[in-house]
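The values are calculated or read from the model by the stated rules, or taken from the named source; none is laboratory data. Since the model is a prediction, treat every value here as computed from it, not as a measurement. Cβ: placed from backbone, ideal geometry, glycine included. Neighbour counts: every protein chain shown.
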Amino acid sequence: MNAKEEQKERSHETILESASRLLREKGIAGARVAEVMKGAGLTVGGFYAHFDSKEALIEAALRRTAAGMRRRLFTKLEDKPPADRAEVVLKRYLSVAHRDAATEGCPFPAVVGEIATTAPEHGEILSQQVEALVGELEAHLPPAGPLSRRHLAIALVALMTGGLSLARALRSTELSDEVLRACRALGAFAARATAA
């Protein structure tokens with residue numbers, strides 16, 4: 001790879017990092033091309049050398065942030081006893097640190113409302129990323145009883161995403177911490193009850 005190609009690759013990564021940060025902090029509407037390029041320290045004119053459209057950028061940023069979140073959630077999970085894995089994931093996702101790190105972690109709380117209302121064109125990429133999270137979580141769950149492992153994984157993902165979204169919205173109140181604790185407890189209870 002020559003110097004020009006290396007520079008283009010570095011610029012591409014910088015744009016994606018800026019977009020990923022803005023997407024999680026301000027949602028799809030807030031991740032405007034001008035703001036993304038400003039955050040990357042680049043001019044708006046250079047954007048189209050990297051992406052065909054804002055939609056392509058948002059989809060790349062969603063893929064990137066969701067994959068990073070899955071890596072953090074599932075790292076070394078196989079070292080934990082199978083019966084404890086769901087609770088470990090719940091504790092990692094529904095934590096105060098994750099709630100307070102709005103520009104890091106899971107992108108879903110920042111985008112699901114917009115995709116449901118004003119940005120439906122991103123529904124397919126959201127579906128793919130939720131499916132990836134469900135699939136990876138399902139693989140770590142113990143055999144289920146009355147509820148299939150897939151249904152339990154879907155329910156836990158919905159609980160985690162909804163719980164984190166609400167906790168972030170209530171951040172300046174004690175209720176925010178309670179939402180995190182309650183969602184963790186309910187998820188752990190459901191995982192244990194289903195495995196029993």
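Points to keep in mind about this one:
- Check on Ala101, among the aliphatic types (A, V, I, L, M) and more than 21 Å from Leu156 (Cβ to Cβ): no
- Test: residue in the range 68-76 that is modelled with pLDDT of 95 or more, in a helix (DSSP H, G or I) and aromatic (Phe, Trp, Tyr): yes
- Taking the listed residues Val111, Val88, Val96, the one that is touching a Lys or Arg at 6+ places or on another chain (Cβ under 7 Å) and not acidic (Asp, Glu) is Val88, with no other qualifying.
- Just so you know, in the range 26-63 the residues that are loosely packed, with under 15 Cβ neighbours inside 10 Å and in contact (Cβ under 8 Å) with a residue 40 or more places away in the chain include one that is farthest from Ile125 (Cα to Cα), and it is Ala49.
- Which listed residue, of Glu59, Glu55, Glu13, is in a helix (DSSP H, G or I), modelled with pLDDT of 95 or more, farther than 24 Å from Glu131 by Cβ and within 23 Å of the chain's Cα centre (by Cα): Glu13
- Those helices (runs of 4 or more DSSP H) of the range 83-169 in which 3 or more residues are buried (at least 18 other Cβ atoms within 10 Å of the Cβ), modelled with pLDDT of 95 or more and within 14 Å of the chain's Cα centre (by Cα) occupy 85-93, 108-117, 123-140, 149-169.
- Of the residues making up the range 178-191, at least one is surrounded by 13 or more Cβ atoms within 10 Å (Cβ to Cβ) and modelled with pLDDT under 95.
- Lys8 being out of contact with any strand residue (DSSP E or B) (no Cβ under 6 Å at 6 or more places or on another chain), free of Cβ contacts under 8 Å to residues at least 24 places away in the same chain and charged (D, E, K, R): no
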